[in-house]
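In what follows, a single structure is set out as structure tokens and then discussed.
The values are calculated or read from the model by the stated rules, or taken from the named source; none is laboratory data. The model shown is predicted, which means the values in this text are computed figures rather than measured ones. With ideal geometry, Cβ positions are generated from the backbone for all residues, glycine too; neighbour counts draw on all protein chains shown.
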Amino acid sequence: MEILDCKGLDCPKPVLKTKDFIESNPSVYTFIVLVDNEAASQNVTRFCKSQGLSVSVQQKDSDFEIRVTRSGEAASEPVIEEPQAWPTGKTLILISKDTLGSGDDVLGTGLMFNFLDTLEEMGEALWRLVFLNSGVKLTIEGAKTLPSIQRLERQGVSVLVCGTCLMHFKLLDQKRVGETTNMLDIVTSLELADKVITI
């Protein structure tokens with residue numbers, strides 16, 4: 001029995017790890033996902049059910065054991081799925097603050113990290129990230145979000161960081177990812193994008 005240990009992983013990593021396992025192991029018909037909190041249990045369960053898989057959950061103290069089963073009998077050869085067609089449009093994400101949502105800055109900081117760490121799931125649809133106002137703080141030396149943004153840039157995502165904003169916060173020399181830009185470039189980017197998401 002294959003066991004996927006996702007205990008100790010922050011959201012949304014248990015779901016992403018489960019997704020990767022399902023896609024990479026088409027001939028595995030039953031496996032177990034281990035998580036250590038109710039939210040992760042619900043998220044993994046909901047994702048697996050959305051993929052047409054059967055799910056049963058057992059709680060042991062504060063841990064959860066999620067048994068996942070594909071329908072049908074195991075095939076002699078792995079099923080080869082058709083490649084997913086990514087959208088051809090260009091999506092720009094405008095990030096104007098260093099937290100996601102409002103109400104609690106500690107929670108908002110964690111949510112922003114998880115958001116940026118998950119963006120690569122958009123695939124080729126993600127064209128450009130634009131950081132302005134306090135959002136530029138996500139691009140500087142020591143920011144927890146920096147590795148995620150650098151990874152996206154290495155994958156071909158364009159990253160623009162407002163120079164005026166960096167200067168306002170006295171962070172220009174601490175920027176470690178993206179191209180320092182101006183409002184004309186930002187406005188032009190908004191015009192060129194097929195879709196704009198504002199955070």
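Before moving on, here are some points about what is shown:
- Just one of the listed residues (V161, V177, V136, V130) is buried (at least 20 other Cβ atoms within 10 Å of the Cβ) and in contact with a Gly (Cβ under 6 Å, 6 or more places away or on another chain), namely V161.
- Within the stretch 1-37, considering residues that are of a type in the set (S, T, N, Q) and farther than 15 Å from R67 by Cα, the one surrounded by the most Cβ atoms within 10 Å (Cβ to Cβ): N37
- Strands (runs of 3 or more DSSP E) wholly inside the stretch 53-159 containing at least 2 residues that are farther than 30 Å from G8 by Cα and at pLDDT 95 or above: 91-95, 126-131
- Qualifying residue in the stretch 174-196 (condition: over 18 Å from the mean Cα position of the chain (by Cα), under 26 Å from C11 (Cβ atoms) and part of a helix (DSSP H, G or I)): no
- Residue check, L184 modelled with pLDDT under 95 and either exposed (fewer than 12 other Cβ atoms within 10 Å of the Cβ) or farther than 19 Å from L119 by Cβ (or both): yes
- Filter result for R151 (within 24 Å of K19 (Cα to Cα) and in contact with a helix residue (DSSP H, G or I) (Cβ under 9 Å, 6 or more places away or on another chain)): yes
- For the stretch 28-53, a tally of residues being free of Cβ contacts under 8 Å to residues at least 24 places away in the same chain and more than 22 Å from L107 (Cβ to Cβ) returns 4.
- Of the criteria (1) part of a strand (DSSP E or B); (2) buried (at least 17 other Cβ atoms within 10 Å of the Cβ); (3) among the hydrophobic types (A, V, I, L, M, F, W, C), which one V44 fails: (1)
- Positions within the stretch 7-33 being part of a helix (DSSP H, G or I) and small (G, A, S), in sequence order: S24
- Contact map, the stretch 1-27: first residue free of Cβ contacts under 8 Å to residues at least 40 places away in the same chain, second residue of a type in the set (K, R), Cβ cut-off under 6 Å, separation 6 or more or different chains; pairs are C6/K17.
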